[in-house]
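Reading through the structure tokens given below for one structure.
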Amino acid sequence: MKRSVLESFFIVNGRVTLICTIMVLGAGTIPVPPSNISSDLGCLLKSNVGTDVSFILKGKMIQAHRAVLAARSPVFKAQLFGNMADATASSITLQDMEPATFEAMLAFMYTDEMPEDNELGGSPTQMVQHLLAAADRYALDRLKLMCARKLWDIISMDTFASTLACAYMHSCAELKSKCIGFFAVENNFKKIVFTAGFIWLVQEFPDLADELKETIGI
């Protein structure tokens with residue numbers, strides 16, 4: 001095409017005219033639904049479909065999937081796929097854990113969510129303390145800290161001693177530090193020292209009692 005022809009299309013009165021087309025790409029995005037893997041795995045746990053290991057706790061049988069447990073917990077991985085006797089056992093008996101605690105722990109392992117208060121049953125403080133102990137036992141660090149946060153949120157003068165003891169026994173430094181700070185508040189420790197729980201704490205954990213005394217300068 002000759003230059004004179006192009007100029008006749010685009011040059012008018014000595015000025016260049018450009019014709020552009022603008023496309024707005026964002027208007028045509030494809031919506032993606034949120035992940036539902038936690039709900040799917042939760043349903044898998046409840047359905048018992050494909051389970052390959054059973055746990056017996058105080059006469060109650062609870063079924064689960066070895067692969068899920070091993071993926072979530074290094075302790076379960078060693079127990080179920082290592083050289084331990086449980087690696088080939090189809091049924092494992094646990095003597096020192098309540099069925100409700102184990103079920104709550106399993107629910108977290110499948111869904112990555114902390115059970116609601118109405119799902120825990122009994123005393124929320126006691127149940128969460130048991131759940132924290134289970135999380136520590138099976139190296140579920142996220143669950144352990146979620147339990148610690150829950151215990152801190154509901155701490156009171158009456159639950160202080162058992163909560164501090166739980167943090168101490170199960171190496172939860174974050175919760176222990178919070179509890180000691182709670183005790184250091186003058187209006188708190190003056191009430192806590194007269195509770196039955198504190199008397200129990202002094203008798204069972206003298207080292208903790210000494211640490212508390214140092215905190216308030218006694």
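What to note about this one:
- Those residues of the stretch 81-128 which are aliphatic (A, V, I, L, M) and part of a loop (DSSP other than H, G, I, E, B), in sequence order: Met84, Ala89, Leu94, Met97, Met114
- Single match in Ala173, Ala167, Ala161 (criterion: under 23 Å from Pro99 (Cα atoms) and modelled with pLDDT of 95 or more): Ala167
- Matching residues, the stretch 101-121, being in contact with a strand residue (DSSP E or B) (Cβ under 9 Å, 6 or more places away or on another chain) and either free of Cβ contacts under 8 Å to residues at least 40 places away in the same chain or acidic (Asp, Glu) (or both): Thr101, Glu103
- So Phe81, is it exposed (fewer than 15 other Cβ atoms within 10 Å of the Cβ) and aromatic (Phe, Trp, Tyr): yes
- Tally of residues being out of contact with any helix residue (DSSP H, G or I) (no Cβ under 6 Å at 6 or more places or on another chain) and on the phi < 0 side of the Ramachandran plot across the stretch 169-181: 4
- Check on Ser39, more than 27 Å from Leu151 (Cβ to Cβ), in contact (Cβ under 8 Å) with a residue 24 or more places away in the chain and not hydrophobic (A, V, I, L, M, F, W, C): no
The values are calculated or read from the model by the stated rules, or taken from the named source; none is laboratory data. All values reported here derive from a predicted model rather than from experimental measurement. So basically every Cβ, Gly included, is an ideal-geometry build from the backbone, and we count neighbours across all protein chains shown.
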